[in-house]
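The values are calculated or read from the model by the stated rules, or taken from the named source; none is laboratory data. The shown structure was predicted, so the numbers you read here are calculated from the model rather than taken from an experiment. Cβ placement follows ideal geometry from the backbone for every residue including glycine, while neighbour counts extend to all protein chains displayed.
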Amino acid sequence: MKLEASPIRFGTDGWRGLLAVDVTIERLLLVALAATEEMLLRGNQDLSKKVIIGYDRRFLASEFAEAIASAVRACDLEPLLADVAVTTPACSWAVVEHKALGALIITASHNPPEWLGLKIKNPSGASVDEDFTRAVEQRILLRQKSIPVVQETQTFECRKNHLMGLKRKFDIPALVKGVKNMGLKVIVDSMHGSAAGCIKEILGSESAEFLKEIRTNRDPLFGGNAPEPLEKNLDELIAKTKKSSKVGSPSLGMAFDGDGDRIAVIDETGRFCSTQLLIPLFIEHLAKVRDFPGCVIKTVSGSDCIRSIAEEFDRPLIECPVGFKYIAKEMLRLNVLIGGEESGGIGFGNHLPERDALYAALLLLESIVQGRQPLGVRLNNLANNIGSSAYDRFDLLLADNESRLRLEDFLRRDPPSLIGTKKVQQVILIDGCKLKFGDRDWLMFRFSGTEPLLRIYCEAPTSKEVKETLAWAKEFIASI
């Protein structure tokens, strides 16, 4: 068991670590204070003096959220605390609604149950950028400031306000009627997270005819697994979706991560559909049916199928490093149709510069209803139009950070030119090392920013080629 705390370092979206080892109340107060001071420094006169404070369903999350309100008050600002556990996008929504300086959210997102952490949002509701988090880290190192005695903190209906806002963005009665007319059954798996009950509340009482929810109870252990919507964690949802479809009704399974900003879907055949498959469908719906303007943003680890569908609708495509904060930065700068990452996070230009799994779920239902076909059929038709590919990823735990630095340096200085029988045609160093052999055919090495972990991604024309390439990658790393 790890007994020594790691230095406070921000990753792609916030600061996270082991509860009671890395994340303690003392360290959390220091981080919250530094973050609030930085918010105050960067705020402008158009903003209120409010800071939104939210939390998910993890162990001690609500208690820690109330505690960090004292850090906000130490800066003569007004903390507004969510009255119940909420999704992270609900806090982003509240920031915009209250014209707040930002948000502090106690969550470890999709990480294992023993983790906890803090996400920081800026006045637009997006995650703060690297410049902000570096400044926070510097403040922590340079000085400490006493925290005043905790006082009673004002609470507000953060969850309710977000759900009401989502209702206004869709024609909910038409959506419910369309689902019923199709005979579609919908099964929602919130993975014991803070998105539990949200879809039911948005769709209303009539949804009882077709909507079923599983794993809605609060369980800080998340059933023993990380609340991450990966295929390996969704056995119950997959089984129930397949069973429901077999009895005569096409079914759809939807899963949300622990803090409700990531989504994965199961189609009527039981196929796991990551955002790699969903983003092209969203692009088609938003560009063709809704006729929304804007470019497409994807992370460097995303499927090339996204590029193909963007080109079909004459939408410029921008590729950025992994981490939604990079997508959000482009969403604040450009007119964006959609921005997405392979790990389940999708943002929409007409909504927030942030991921919101509930919005994505409603838009998916809308696209299915308007297309009058189950998801699997829609995806197959889309693949026939733009082509398809296979995709997979695995994570390799390294011995220590020294090993990570050595491997990273080696890949940058001398990347391989031949992977098995495939010749490397292009080396991309936007984030890690991506080796392209052709369209929808590549291998990528990317290191975690907070731990000695190597993520290895691969896309290829067939599943067999993906397995062979990843096997080669394992041997290659072991030989360095």
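Check 468, 402, 451 and return the single one that is part of a loop (DSSP other than H, G, I, E, B) and either out of contact with any Asp or Glu (no Cβ under 9 Å at 6 or more places or on another chain) or at pLDDT 95 or above (or both).
Working: 468 fails: part of a loop (DSSP other than H, G, I, E, B); 402 fails: part of a loop (DSSP other than H, G, I, E, B).
Just a single option satisfies the conditions, and that option is 451.
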*Could you look through segment 213-231, keep only residues that are exposed (fewer than 14 other Cβ atoms within 10 Å of the Cβ) and under 10 Å from residue 112 (Cβ atoms), and pick out the one that is modelled with the lowest pLDDT?*
224
*Output the qualifying pairs, or none if there are none: Cβ atoms under 6 angstrom, residues six or more apart or on different chains, first residue in segment 133-144 and under 10 Å from residue 9 (Cα atoms), second residue assigned to a helix (DSSP H, G or I).*
136/34; 136/35; 136/38
*Of all residues in segment 116-135, how many are assigned to a strand (DSSP E or B) and either under 26 Å from residue 320 (Cβ atoms) or of a type in the set (Val, Ile, Thr) (or both)?*
6
_Check on residue 190, in contact with a Phe, Trp or Tyr (Cβ under 8 Å, 6 or more places away or on another chain), crowded, with 17+ Cβ neighbours inside 10 Å and closer than 22 Å to residue 250 by Cα_ = yes
_Which residue is farthest from residue 461 (Cα to Cα), if the candidates are limited to segment 417-440 and must be in contact with a helix residue (DSSP H, G or I) (Cβ under 7 Å, 6 or more places away or on another chain) and surrounded by fewer than 17 Cβ atoms within 10 Å (Cβ to Cβ)?_
429
*Mind checking which residues of segment 144-178 are farther than 27 Å from residue 42 by Cβ, surrounded by fewer than 17 Cβ atoms within 10 Å (Cβ to Cβ) and of a type outside the set (Gly, Ala, Ser)?*
149, 152, 157, 160, 164, 167, 168, 169, 170, 171, 173, 177
*asked:* Given (1) at pLDDT below 95; (2) assigned to a helix (DSSP H, G or I), identify the lone condition not met by residue 112.
replied: (2)
_If residue 321 meets every condition in (1) closer than 27 Å to residue 86 by Cα; (2) modelled with pLDDT under 95; (3) surrounded by fewer than 24 Cβ atoms within 10 Å (Cβ to Cβ); (4) not hydrophobic (A, V, I, L, M, F, W, C) apart from one, which number is that one?_
(1)
*Give the residues of segment 347-360 that are surrounded by fewer than 24 Cβ atoms within 10 Å (Cβ to Cβ) and in contact with a strand residue (DSSP E or B) (Cβ under 7 Å, 6 or more places away or on another chain), sorted by residue number.*
349
*Please indicate, with yes or no, whether at least one residue in segment 350-365 is of a type in the set (A, V, I, L, M, F, W, C), touching a Cys at 6+ places or on another chain (Cβ under 7 Å) and assigned by TED's automatic domain parsing to the domain that holds residue 257.*
yes
*Within segment 292-302, can one find any residue that is in the same structural domain as residue 334 (by TED's automatic domain parsing), at pLDDT below 95 and more than 20 Å from the chain's Cα centre (by Cα)?*
no
_Hits in segment 313-344 (condition: within 14 Å of residue 303 (Cα to Cα), touching a residue at least 24 places away in the same chain (Cβ under 8 Å) and not acidic (Asp, Glu))_ = 320, 321, 322, 339, 340, 343, 344
*Could you identify the single residue in 101, 77, 141 that is buried (at least 24 other Cβ atoms within 10 Å of the Cβ), farther than 24 Å from residue 227 by Cβ, aliphatic (A, V, I, L, M) and in the same structural domain as residue 46 (by TED's automatic domain parsing)?*
101
*Name the residues in segment 169-218 that are in a loop (DSSP other than H, G, I, E, B), small (Gly, Ala, Ser) and touching a strand residue (DSSP E or B) at 6+ places or on another chain (Cβ under 9 Å), would you?*
190, 193, 194, 195, 196, 197
*segment 1-58 - residue that is basic (Lys, Arg) and over 21 Å from the mean Cα position of the chain (by Cα) and, of those, nearest to residue 87 (Cα to Cα)*: 50
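Keeping to segment 15-62, report how many residues are in a strand (DSSP E or B) and basic (Lys, Arg).
Number satisfying all stated conditions: 2.
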*Give the residues of segment 405-432 that are touching a residue at least 24 places away in the same chain (Cβ under 8 Å) and either of a type in the set (A, V, I, L, M, F, W, C) or part of a helix (DSSP H, G or I) (or both), sorted by residue number.*
406, 407, 408, 410, 411, 419, 428, 430
*asked:* Of all residues being in contact with an Asp or Glu (Cβ under 8 Å, 6 or more places away or on another chain) and in a strand (DSSP E or B) in segment 96-109, which is farthest from residue 332 (Cα to Cα)? Just the residue, please.
replied: 106
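Can you tell me which residue among 269, 275 is closer than 23 Å to residue 163 by Cα, assigned by TED's automatic domain parsing to the domain that holds residue 190 and polar (S, T, N, Q)?
Values: 269 fails: closer than 23 Å to residue 163 by Cα.
Just a single option satisfies the conditions, and that option is 275.
Does residue 326 fit the bill of being modelled with pLDDT under 95, within 29 Å of residue 196 (Cα to Cα) and either assigned by TED's automatic domain parsing to the domain that holds residue 245 or assigned to a helix (DSSP H, G or I) (or both)? Outline the logic, then answer.
Working: modelled with pLDDT under 95: yes; within 29 Å of residue 196 (Cα to Cα): yes; either assigned by TED's automatic domain parsing to the domain that holds residue 245 or assigned to a helix (DSSP H, G or I) (or both): yes.
Yes.
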